[in-house]
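Visitor: Dropping the structure in here first, questions after.
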Amino acid sequence: MRELSERALDMTMGRLLGGGILGVLLVACGSAGRNGTDGEDGRTSLVQVVPEPPGTHCQYGGTWVKSGLDTNGNENLDANEVTQSSYTCNGASGGDGSRMLVRVDPEPAGVNCAQGGNRVGVGQDVDGNGTLELSEVTTSAYTCNGAPGNSTGTLALVSLDPEPAGANCAQGGTAVRSGLDSNGNGTLDASEVKQTQYVCSGISLYATRWATSPAVSSTGELPAGFWFPSGRKASIFKTTSSSRLKISISDNLAVGNGVNGGSGYYQVRMNGGYVLNADCIQRQLTWNVSGWASLYYFPFATVCLTDPLPAGLYEFETWGYAVAGTEFVGGPMSQPVMLVEELNSASTYGFSMAGGLATTTSTTFQRAPGRTAVYTKQTANTLLKVTLADTFRAGYNSNGGSGYILIRMDGQDTTCSTIQYDAQGTGGDFHHPFVMTCVLSNVAAGDHTFTTWFRSVNGSEAYIGWERPYSLLLVEEISGQNLTYVNAGTASGEISGDWAGVGARQIQHTVGAAGKTLLVTYSDTFRATLNCNGRWGYYQLYVDGLPTYCTNGQYAYNGNAAAAQNHHHSVNQLCLVKNLAPGPHTFSIWSSTKHSDGTTCGSNYFGWNRGQSLLMVEELP
């Protein structure tokens with residue numbers, strides 16, 4: 001019976017520990033596998049293997065191994081019963097990636113265990129073969145048999161059962177059940193279970209909690225009247241049912257090719273359907289009073305937030321629909337990004353998805369309906385990242401109409417503001433989807449209220465929220481660790497010619513470890529090729545003076561060859577940078593007015609009447 005039980009334990013332990021699972025491990029051993037005579041049980045030796053968070057004992061976290069005798073017989077290893085304690089620590093994040101494993105081996109009678117028992121070894125799977133070799137064990141604890149009883153006693157048993165992802169283990173794991181074999185059948189029956197603990201997986205197949213689409217190019221020309229997939233696709237495993245998923249898009253969109261008043265949609269679908277009841281969809285419109293056919297490529301961005309959804313695998317994909325004229329998704333030099341992130345802790349963000357349509361001709365700020373987020377900041381020295389995703393039209397039927405959007409915190413203006421300006425030689429109407437991302441520092445801990453305001457500059461009608469089912473105002477609290485940013489509100493002035501750096505849009509970030517993926521967010525206003533018609537202007541992220549080809553651009557054309565195009569629009573560019581060596585690196589925004597035929601025309605402009613132009617580098621988990 002004893003030998004059979006030990007073999008069963010070794011087999012189940014092999015399944016558990018060979019899979020790299022960490023958590024609480026309880027092993028019960030009596031004298032020679034027994035707990036002494038019935039009614040006079042010996043003391044049970046227990047061991048716990050628990051995750052150790054980053055801190056004093058382990059800089060990058062690791063495993064805490066502790067053991068001792070269950071002197072009070074409550075089948076728990078209480079703090080005052082721990083006689084041995086040691087730590088096995090992880091290496092720096094992004095290092096060799098070896099998993100932490102555990103193994104159990106028989107321990108003969110001797111110095112470590114007078115009556116024999118088990119040795120529980122912990123270490124990193126350095127060679128990556130899925131098994132913890134003896135040479136890889138860095139920490140050991142012993143579960144020792146008690147003194148022999150007077151007669152054959154009751155056998156202490158342990159059973160290990162797979163535990164699915166859920167309330168007990170977010171990413172699944174193993175249920176460790178222990179008790180006494182009261183009926184002597186060699187099996188731990190349900191009625192004999194005295195204690196259940198969970199060994200939860202410390203390694204998730206989706207441990208990063210973010211996913212992104214692979215690099216794809218332009219869709220080509222999409223005809224009117226049909227929905228088409230535009231090729232941006234990402235899948236993510238959502239680990240908990242209480243979390244939300246944040247979907248961020250950075251792309252390029254042209255609508256209404258060859259017509260006047262052309263428009264089109266850009267939609268994000270989840271598992272083939274809607275992201276929310278209200279849907280994640282944006283519409284863009286270009287129009288002029290003179291009836292000229294036109295084609296406008298503008299950098300496109302949107303951010304959507306899902307409702308809480310059950311844990312599981314979700315797939316997101318983008319689609320386009322041309323209402324009038326043909327549509328292009330992803331201009332010829334853009335590098336589109338769809339980033340999906342799991343927002344786990346509701347205490348680290350606040351948001352509003354209320355809003356609706358609103359217009360004004362007032363030149364003083366008017367409060368936009370809804371678009372109010374309340375957030376309780378947890379810590380004084382953290383940062384707040386504020387994101388507004390909406391549509392905006394400034395200056396209806398005017399040539400050179402403009403309007404502002406502003407975020408106020410607790411009734412006071414912030415530097416989180418942007419402007420839109422459109423001139424094309426005649427009165428126009430440009431409804432533009434936009435995202436504005438800002439970082440606010442030195443905000444006290446406590447409750448704060450964020451509201452959205454807008455106004456016209458020249459008295460022509462400004463319009464917010466057209467054909468956006470819901471507006472998103474999102475406030476996230478971020479620690480500032482593994483993050484570098486600059487958010488000065490400095491305008492670039494006019495820039496022309498081949499690729500060159502844009503002033504005040506450069507930072508140095510020190511990469512902490514190899515293998516990191518860096519998310520670069522660039523949020524600003526951009527105007528390309530002043531007074532030129534049918535010409536491209538570009539911007540691009542450079543790292544250490546070299547192009548990353550994370551590029552976007554603006555192209556403005558209408559049927560009047562003499563039209564003086566001048567469009568300042570919000571841009572919110574996302575770039576993913578990989579495989580940088582640890583150490584300092586320089587990130588900067590560059591500009592070019594060099595057209596595809598090698599000639600240049602006009603000048604580009606960045607940050608015109610923008611409250612803050614943000615360039616931020618974050619190390620993704």
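Visitor: Residues of the stretch 496-549 being surrounded by fewer than 22 Cβ atoms within 10 Å (Cβ to Cβ), closer than 18 Å to M616 by Cβ and over 26 Å from the mean Cα position of the chain (by Cα), which ones?
Guide: G501, G503, A504
Visitor: Under 6 Å between Cβ atoms, which residue pairs at least 6 apart in sequence (or on different chains) link something in the stretch 213-232 that is closer than 13 Å to R269 by Cβ with a partner that is part of a loop (DSSP other than H, G, I, E, B) and at pLDDT below 90?
Guide: Taking only residues 6 or more apart or on different chains, the pairs are S230/T219; G231/V216; R232/S213.
Visitor: Just a yes or no: is a residue in the stretch 445-452 more than 24 Å from T521 (Cα to Cα), out of contact with any Gly (no Cβ under 6 Å at 6 or more places or on another chain), in a strand (DSSP E or B) and of a type in the set (D, E, K, R)?
Guide: In the first step, residues of the stretch 445-452 are kept if they are more than 24 Å from T521 (Cα to Cα); the result is 445-449.
After this cut, where a residue has to be out of contact with any Gly (no Cβ under 6 Å at 6 or more places or on another chain) as well, the list is 445-449.
Right, trim to in a strand (DSSP E or B) and you get 446-449.
After this cut, where a residue has to be of a type in the set (D, E, K, R) as well, the list is 447.
Yes, because at least one residue in the stretch 445-452 is more than 24 Å from T521 (Cα to Cα), out of contact with any Gly (no Cβ under 6 Å at 6 or more places or on another chain), in a strand (DSSP E or B) and of a type in the set (D, E, K, R).
Visitor: Still on this structure, please answer the following. Pairs needed: first member in the stretch 332-354, touching a residue at least 60 places away in the same chain (Cβ under 8 Å) and under 30 Å from Y549 (Cα atoms); second member anywhere, charged (D, E, K, R) and open to solvent by 50 Å² or more (accessible area, probe 1.4 Å); C-beta distance under 6 Å; at least 6 residues apart or different chains.
Guide: E342/R209
Visitor: With the requirement that a residue be within 22 Å of D251 (Cβ to Cβ) and open to solvent by 40 Å² or more (accessible area, probe 1.4 Å), what does the stretch 577-593 give you?
Guide: K578, W590
Visitor: Could you list all residues from the stretch 553-576 that are aliphatic (A, V, I, L, M) and surrounded by fewer than 23 Cβ atoms within 10 Å (Cβ to Cβ)?
Guide: Step one: list which residues in the stretch 553-576 are aliphatic (A, V, I, L, M), which gives 556, 561-564, 571, 574, 576.
Once the filter is applied, which keeps residues that are aliphatic (A, V, I, L, M) and surrounded by fewer than 23 Cβ atoms within 10 Å (Cβ to Cβ), the stretch 553-576 yields A561, A562, A564, L576.
Visitor: Now a separate question. Scan the stretch 245-256 and give yes if some residue there is open to solvent by 40 Å² or more (accessible area, probe 1.4 Å) and either β-branched (V, I, T) or in contact with a Leu (Cβ under 6 Å, 6 or more places away or on another chain) (or both), otherwise no. Talk me through it step by step, then tell me what you get.
Guide: Keep residues of the stretch 245-256 that are open to solvent by 40 Å² or more (accessible area, probe 1.4 Å), which gives none.
No; the residues of the stretch 245-256 include none that is open to solvent by 40 Å² or more (accessible area, probe 1.4 Å) and either β-branched (V, I, T) or in contact with a Leu (Cβ under 6 Å, 6 or more places away or on another chain) (or both).
Yes or no, residue by residue, for (1) buried (at least 16 other Cβ atoms within 10 Å of the Cβ); (2) on the phi > 0 side of the Ramachandran plot; (3) touching a strand residue (DSSP E or B) at 6+ places or on another chain (Cβ under 9 Å); (4) in a strand (DSSP E or B):
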| residue | (1), (2), (3), (4) |
| --- | --- |
| I281 | yes, no, yes, yes |
| Q284 | yes, no, yes, yes |
| G291 | no, yes, no, no |
| F298 | yes, no, yes, yes |
| V303 | yes, no, yes, yes |
| P308 | no, no, yes, no |
| E315 | no, no, yes, yes |
| T318 | yes, no, yes, yes |
| A322 | yes, no, yes, yes |
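Visitor: I'm checking my understanding of the structure. Among residues of the stretch 192-224 that are part of a loop (DSSP other than H, G, I, E, B) and open to solvent by less than 40 Å² (accessible area, probe 1.4 Å), which one is modelled with the lowest pLDDT? Outline the logic, then answer.
Guide: Restricting attention to the stretch 192-224, the residues satisfying the condition of being part of a loop (DSSP other than H, G, I, E, B) are 201-209, 213-220, 223.
Of the ones still in play, those that are also open to solvent by less than 40 Å² (accessible area, probe 1.4 Å) are 201, 204, 213, 220.
Numbers: S201: 54, S204: 48, S213: 88, G220: 82.
That would be S204.
Visitor: Within the group G370, G395, G356, G350, which residue is within 19 Å of the chain's Cα centre (by Cα) and either more than 24 Å from M616 (Cα to Cα) or modelled with pLDDT of 95 or more (or both)? If you could, list the steps in order and put the result at the bottom.
Guide: Working: G370 fails: within 19 Å of the chain's Cα centre (by Cα); G395 fails: within 19 Å of the chain's Cα centre (by Cα); G356 fails: within 19 Å of the chain's Cα centre (by Cα).
From the options G370, G395, G356, G350, the qualifying one is G350.
Visitor: Can you tell me which condition H568 does not meet? The list is (1) modelled with pLDDT under 95; (2) over 19 Å from the mean Cα position of the chain (by Cα), and all the others hold.
Guide: Evaluating H568 over (1) modelled with pLDDT under 95; (2) over 19 Å from the mean Cα position of the chain (by Cα) leaves (1) as the failure.
Visitor: While we're on this one: Quick check on my filter: what residues within the stretch 210-230 are under 30 Å from Y349 (Cα atoms) and small (G, A, S)?
Guide: If the condition is that a residue be under 30 Å from Y349 (Cα atoms) and small (G, A, S), then A211, S213, A215 are the ones that fit.
Visitor: Taking F228 as the residue in question, decide whether it is in contact with a strand residue (DSSP E or B) (Cβ under 9 Å, 6 or more places away or on another chain), at pLDDT below 90 and in a strand (DSSP E or B).
Guide: On the way: in contact with a strand residue (DSSP E or B) (Cβ under 9 Å, 6 or more places away or on another chain): yes; at pLDDT below 90: no; in a strand (DSSP E or B): yes.
The answer is no for F228.
Visitor: Something else now. Can you tell me which residues in the stretch 514-538 are in a strand (DSSP E or B) and within 30 Å of V289 (Cα to Cα)?
Guide: Here is the first cut: in the stretch 514-538, the residues in a strand (DSSP E or B) are 517-527, 535-538.
Passing the criteria: D524, T525, F526, R527, R535, W536, G537, Y538.
The values are calculated or read from the model by the stated rules, or taken from the named source; none is laboratory data. Treat the numbers as computed from the prediction; the structure is a model and nothing was measured. Virtual Cβ from ideal backbone geometry, glycine too; neighbours counted across all protein chains shown. Just so you know, the surface numbers come from the protein's heavy atoms only, side chains and all, with ligands and any DNA or RNA stripped out. Shrake-Rupley method; radii C 1.70, N 1.55, O 1.52, S 1.80 Å.
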